[in-house]
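Visitor: My structure is below; once you've seen it, I'll send some questions.
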Amino acid sequence: MTAAALRLANVRKSFGRTEIIRGVDLVVHERERHAIIGPNGAGKSTLFNLISARFPVTSGSIELKGEDVTGLRPFQIQRRGLSRSFQISNIFHNLSVFDNVRCAVLWSLGYRYSFWHRLSRLRDASDRADRIIEAIGLSRRRATPASVLSYAEQRALEIGITIASGAEVILLDEPTAGMSHSETQDAVALVRRVTEGKTLVMVEHDMSVVFGLADRISVLVYGQIIATGTPAEIRQTPAVREAYLGTEFADA
Amino acid sequence: MKTLFSRSRLLVLAAYLAVIVIAPLLSPKGYWLSLLCQIGISTVFALSFNMLLGQTGLLSFGHAVYFGLGAFATIHFLRAMHEHSFSFPVTLLPLAGGAAGLLFGIALGYVTTRRAGTTFAMISLGIGEMVAASSLMFPGLFGGEAGLSSNRMTSPGWFGITYGSQLQMYYLIAGWAFLCILGMFALTDTPLGRMANAVRDNPERAEFVGYDPQWVRYLMVVLAGFFAGVAGGLTALNYEIVTAETLSASTSGIVIMMAFVGGIGHFAGPIVGAALITVLQIVVASVTEAWPFYFGILFTVLVLYAPGGIAGIVAEHKRLYDAGQLGRVLQQYLLGLVPFALCCLGIVTLVEMAYVLANSSEPGNAPLHVFGVTLNAARPLGWAPPVIAVVVGGFLLRLVARRMASRGETVVTSLLQRQA
Amino acid sequence: MQFVVSSLLNGIAYGLLLFMLSSGLTLIFSMMSILNFAHAAFYMLGAYFAYQISAAIGFWPALLIAPLLVGALGALIERYGLRKAHRFGPVAELLFTFGLSFLAVELVQLIWGKAAVDYRIPSSLQGALFTFHGTSYPIYKGFMMAVSVGMLLALYAGLAFTRIGLIIQAALSRPDMVQALGHDVPRIFTLVFGGGTALAGLAGVIGGNALVTEPGMAESMGPIVFVVVVVGGLGSLGGAFVASLLIGVLQTFMVGLDWSLIDILRALHMEPHAAPALARLSLTQLAPIMPYILMVVILIFRPRGLMGARET
């Protein structure tokens, strides 16, 4: 049995008196591609924010590769090998594409807070950044300030920054949001390429993406997971169809 | 990709070095050398400030603390040298200031970087006030109202240099300034330096690539404190006296102006700003009492219309030049030149008249001479010409601006939009 | 005993004044995310306007007119200055208000000179409110408290019970939504900024004659207001209230207590051997920096302030 890359146990989150996440248990296996779907307002982004420690959990525990990471700060979780992307591109807008990605590799290469290394001379950082830029298809825009990029380019950069650190567990928050059909296809190919051999958890609305990419799917409704399984199993589960997919999906 | 010290950069450095070396010889007057010394000190101070603002996005209203404490540390060291008769190369004395700046950066920086952004600005103000207020409570350490003084001439050092002459002092300042500029520039090309930029742009994302933004900020405060302390050491040696003014809120305010007017978005911006503000301060102050007011106006207008400062304006015009648009822009400037000059003249006259009126001892007569005409500020009629100048000038200026905008002359508007 | 009572009352009066200033600042910040560095400058202008007006027509008209003038000025500045600076981000906004504060002080010096002006308590409010064991408590301090409390109650009522107040509260957290509902959010911003500065102006009107009216008053009051806001927690009116009173009362007590650390040790029957300069300082001497020390302590042990929200 493959080990659990990510394990959530009875995770709950309340904002004031409103409970958004109401007891989520989730196991994501190593090298698995796991999608989380659900209707709007189900709490998918909140769940991501909890896993990546953007918000603290109200109760419950989160384990990363067997280690309890509940209550850690985001940068601590990042250093332990979990990286996430954002639904709204969260990039360094005044820095070039190259610098954006290079910043994301620095910690994993061990440079930490060094002010004695000449950054432009660090071959390993530059090479790794360039390889990632090529993987995300932005080589021609290497020197462009990130704020000037097009929407799709920024989404690609967003993914680039996320995988740059070499984390084994990648969280992608709606990577194809706002994209046209062809852009979505490119994005899916990109995601498949760059997450090869890694554990991927993603939130997605586009069903074609989900069913094309995911090994397993969890369905989140009103802060609870009502079903987990392979795409085929999920398609059959009546509770899911009722809660979320509706009749249109029955034909997909 | 440009390496840190590419050929064009080395050329600039060499030119700068040449300028520094030759500058004192350009004028025999005593005030020229003093001016250059002050510019050198301010340059290091302003650059250290911009490590925080331009590079890390931290607006500090209390940066004079590190400058002042560095100055006091240096003067204490110097006094100790005289009192206890031990020798130490005066040339290296600014390091004492730097060390003090570093240590206080470590101590105070921890408190100030607990929060970021606007809160940091307020906290830095509070800490600045606290240190300034404390300085009057410990006369032994800070010399009370009179400050502390000493003599930078100790036993002859290397090559018989005693720093007795202002010229020798100038070269000491110039040398240290050059080294500090190199050091601070080199810092921009380090992992910490680049992550400081990242934290400035998006602290949340910086956290999600594995960096603790608070630690990045803290280290930058410590390093900036070091360089500010060196500047403080230089000022202690230059004037041989340090008072509480050195760490006051107004010193913190002036360095903000220097960096901002020069341009916080470019490394060389504060260098320009320090020179300009120092010159203005000394030159304008000798001509009119209203110089702080003009400073305030200049600063506020820049914030609203050119937040990239002078360096930003130069960069923008370089872009225009590259795009072949510079000629058109210059034409527009020419068109607006006369109304602008009229407006400025009017404002200056108004301000000067107000000062003259406030300071006049004779009731009913407060004369101001401008362009051979004497205006009486005590009489309402005397105010008419400048008011008319401002109104007419301002009206024409708006007319020109509107006309340019309506004709699709969007260059100036793009200038306003692509700032900072 | 009378020392305790009079210090307490004076401290509360001073604390309420601080709260008037810090509440305006907090409202502006909560609504517009702008830290008005020039807030204390509006306080100063309130005092100077009141001085000028009361010299012409008397104190009571000044009490009404001066804050309105200051608020109008604040609204103009927001409309034509701050809004422009907003495009360039929070740093530009902060620097703009910084430039303003600088200009305000210069302007005041230009018009009224560098020395303090004789802005006096009106004769109808002079004298003692009551005497308690030999010390008399001035009427004016009582008046100050009454105005502060009255103004703040009116503010609370206005926000909680009027329609515009509800809109303001909504715009506090969701300006986009409020604008989408058809309200003129920029105008609301102007209103809030004008209101906040008017509050500062009112504080100046009642405080300027009790304390001193001089160009340096902005620089001495300003940082303390910021400390109040940091200690109370940025964006929290309740925190600002607690912090204002705490600092007001504490500082007033310290000014009156001429004890040094050595005196305290001696009172505990401990004779110190070596006495560093620090220990010889009396509480009176330490009073001016007490707010800053409090701020440092809070920042070390509770960075979000007494009642502030945790920074996400």
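Each reported figure results from applying straightforward, stated rules to the coordinates on display, with no laboratory input. It should be emphasised that the depicted structure is a prediction, and the values quoted were computed from it without experimental measurement. Neighbour counts are summed over all protein chains in view; Cβ atoms, including those assigned to glycine, are modelled from backbone coordinates with ideal geometry.
Visitor: Per-residue ellipticity at 222 nm for chain C, helices alone: DSSP H runs ≥ 4 residues times -39500 (n - 2.57), over residue total, nearest 500 deg cm²/dmol?
Guide: One gets -23000 deg cm²/dmol as the mean residue ellipticity at 222 nm.
Visitor: Another question about this same structure. Residue-wise, which Karplus ³J(HN,Hα) couplings in Hz belong to the stretch B:236-246, taking 6.51 cos²θ - 1.76 cosθ + 1.60, θ = phi - 60°, and x for glycine or proline?
Guide: 5, 5, 5, 9, 6, 8, 10, 10, 5, 4, 4
Visitor: Let me ask you something else. Need one value for B:296-307: mean number of C-beta atoms belonging to other chains within 10 Å of its residues' C-beta atoms.
Guide: 6
Visitor: Karplus couplings for the stretch B:183-190 from phi (6.51 cos²θ - 1.76 cosθ + 1.60, θ = phi - 60°), rounded to Hz, Gly and Pro as x?
Guide: The phi angles translate into x, 5, 5, 4, 4, 5, 10, 10 Hz.
Visitor: Cut-off 10 angstrom, C-alpha nodes, Gaussian network model of chain B. Which of B:300, B:190, B:235 fluctuates the most?
Guide: In this elastic network of chain B, the residue with the biggest mean-square fluctuation among B:300, B:190, B:235 is B:190.
Visitor: Determine by what factor the alpha-carbon radius of gyration of the stretch A:30-91 differs from 2.2 N^0.38 Å, reporting the quotient. Mind showing how you got there, number by number?
Guide: Working: Rg = 12.2 Å, N = 62, 2.2 N^0.38 = 10.6 Å.
Here the Cα radius of gyration is 1.15 times the empirical estimate.
Visitor: In whole Å, what are the extents of the stretch C:2-301 along the principal axes defined by its C-alpha atoms, from largest to smallest?
Guide: Principal extents (largest minus smallest coordinate, Cα): 71, 48, 40 Å.
Visitor: Over all distinct Cα pairs, what is the inverse of the mean 1/r for the stretch C:149-241, reported as the Kirkwood hydrodynamic radius in Å?
Guide: Working: mean 1/r = 0.0660 Å⁻¹.
Mean inverse Cα-Cα distance, inverted, gives 15.1 Å.
Visitor: Taking the stretch B:1-130, how much of its Cα-Cα pair set, in percent, is spaced more than 18 angstrom apart?
Guide: Distances greater than 18 Å cover 68 percent of the Cα pairs.
Visitor: Over the protein assembly as shown, what is the percentage of antiparallel beta bridges among all DSSP beta bridges, to the nearest 5? Could the numbers behind the result be given before it?
Guide: On the way: 34 of 50 bridges.
In the protein assembly as shown, approximately 70 percent of DSSP beta bridges are antiparallel ones.
Visitor: So if the hydrodynamic radius of the stretch A:134-252 is defined as the Kirkwood radius over C-alpha pairs, what does Stokes-Einstein give as its diffusion coefficient at 20 °C and 1.002 mPa s, in µm² per second?
Guide: 136
Visitor: Moving on. Efficiency by 1/(1 + (r/R0)^6): what FRET value for residue C:265 and residue B:137, r their Cβ-Cβ distance, R0 = 22 Å, to the nearest 0.05?
Guide: The value I calculate is 0.70.
Visitor: So what is the relative contact order of chain B, in percent, for Cα pairs below 8 Å that sit 6 or more residues apart?
Guide: Computed value for chain B: 22 percent relative contact order.
Visitor: What is the Cα centroid distance between the stretch B:376-396 and the stretch C:230-244, reported in whole angstrom?
Guide: One Cα centre to the other: 47 Å.
Visitor: Equivalent-ellipsoid semi-axes (√(5λ), Cα gyration tensor) for the stretch C:1-137, whole Å, largest first?
Guide: Gyration-tensor ellipsoid for the stretch C:1-137: 33, 20, 13 Å.
Visitor: Calculate, in nm to one decimal, what residue B:26 and residue B:88 gain on full extension: separation in residues at 0.36 nm each, minus their alpha carbon distance.
Guide: Full extension from residue B:26 to residue B:88 adds 19.1 nm.
Visitor: Could you compute the FRET efficiency for residue A:68 and residue A:193, with r as their C-beta to C-beta distance and R0 at 30 Å, rounded to 0.05?
Guide: 0.40
Visitor: At q = 0.16 Å⁻¹, work out log10 I(q)/I(0) for the stretch C:117-187 with the Debye formula, treating every Cα as an identical point scatterer and leaving solvent out; two decimals please.
Guide: -0.70
Visitor: Restricting the calculation to Cα positions, tell me the Rg (one decimal) and the Dmax (whole number) of the stretch C:174-303 in Å.
Guide: 20.6, 73
Visitor: Please compute the alpha carbon radius of gyration of the protein assembly as shown, then divide it by the globular-protein estimate 2.2 N^0.38 Å. Two decimals is fine.
Guide: 1.04
Visitor: What's the FRET efficiency of residue C:149 with residue C:72 using the Cβ-Cβ distance as r and R₀ = 30 Å, to the nearest 0.05?
Guide: 0.75
Visitor: What order do you get for B:113, B:118 when you list them from fewest to most C-beta neighbours inside 10 Å?
Guide: B:118, B:113
Visitor: Considering all alpha-carbon pairs of the stretch C:69-173, what whole percent are spaced by more than 23 angstrom?
Guide: 60
Visitor: Still on this structure, I have one more. Return the distance in nm (one decimal) between the two label points of a simple spin-label model at residue C:300 and residue C:284, each offset 7 Å from Cα along Cα→Cβ.
Guide: 2.8
Visitor: I would also like to ask the following. With each label point set 7 Å from Cα along the Cα-Cβ vector, what nm distance links residue C:111 and residue B:369?
Guide: For the pair residue C:111/residue B:369, the computed spacing is 3.1 nm.
Visitor: I need to check one value: relative contact order of the stretch C:2-301, counting alpha carbon pairs closer than 8 Å and at least 6 residues apart, in percent.
Guide: 35 percent.
Visitor: So what are the stretch B:238-373's ellipsoid semi-axes, whole angstrom, largest first, if each one is the square root of 5 times an eigenvalue of the alpha-carbon gyration tensor?
Guide: 31, 26, 11
Visitor: Over the Cα atoms of the stretch A:22-160, each weighted equally, I'd like the Debye log10 I(q)/I(0) at q = 0.11, 0.15, 0.18 Å⁻¹, rounded to two decimals.
Guide: Per q value, in the given order, log10 I(q)/I(0) is -0.51, -0.90, -1.16.
Visitor: Run the numbers on the stretch A:4-250 and let me know its relative contact order in percent, using alpha-carbon pairs under 8 Å that are six or more apart.
Guide: Across the stretch A:4-250, relative contact order equals 27 percent.
Visitor: Still on this structure, please answer the following. How long is the gain from residue B:318 to residue B:338 if the chain were fully straight, where each residue apart is worth 0.36 nm and the alpha carbon distance is subtracted?
Guide: 4.8 nm
Visitor: Using alpha-carbon positions, what is the distance between the centroids of the stretch B:320-341 and the stretch A:65-134, in Å?
Guide: Taking the Cα centre of the stretch A:65-134 as reference, the centre of the stretch B:320-341 is 44 Å away.
Visitor: Could you work out how far the C-alpha centroid of the stretch C:46-78 sits from that of the stretch B:183-237, in angstrom?
Guide: Cα centroid to Cα centroid, the span is 45 Å.
Visitor: What do you get for Rg/Rh over chain B if you use C-alpha atoms and the Kirkwood form of Rh?
Guide: A ratio of 1.01.
Visitor: Run through all the Cα pairs of chain A and give the fraction in each 10 Å bin from 0, expressed as whole percent.
Guide: 7, 30, 35, 21, 6, 1, 0
Visitor: Any idea how far apart residue B:330 and residue C:180 come out in nm if each label point goes 7 Å out from Cα toward Cβ?
Guide: Result for the modelled spin labels: 5.1 nm.
Visitor: Choose one answer from C:284, C:26, C:252: the residue with the largest mean-square fluctuation in a GNM of chain C with alpha-carbon springs under 10 Å.
Guide: C:284
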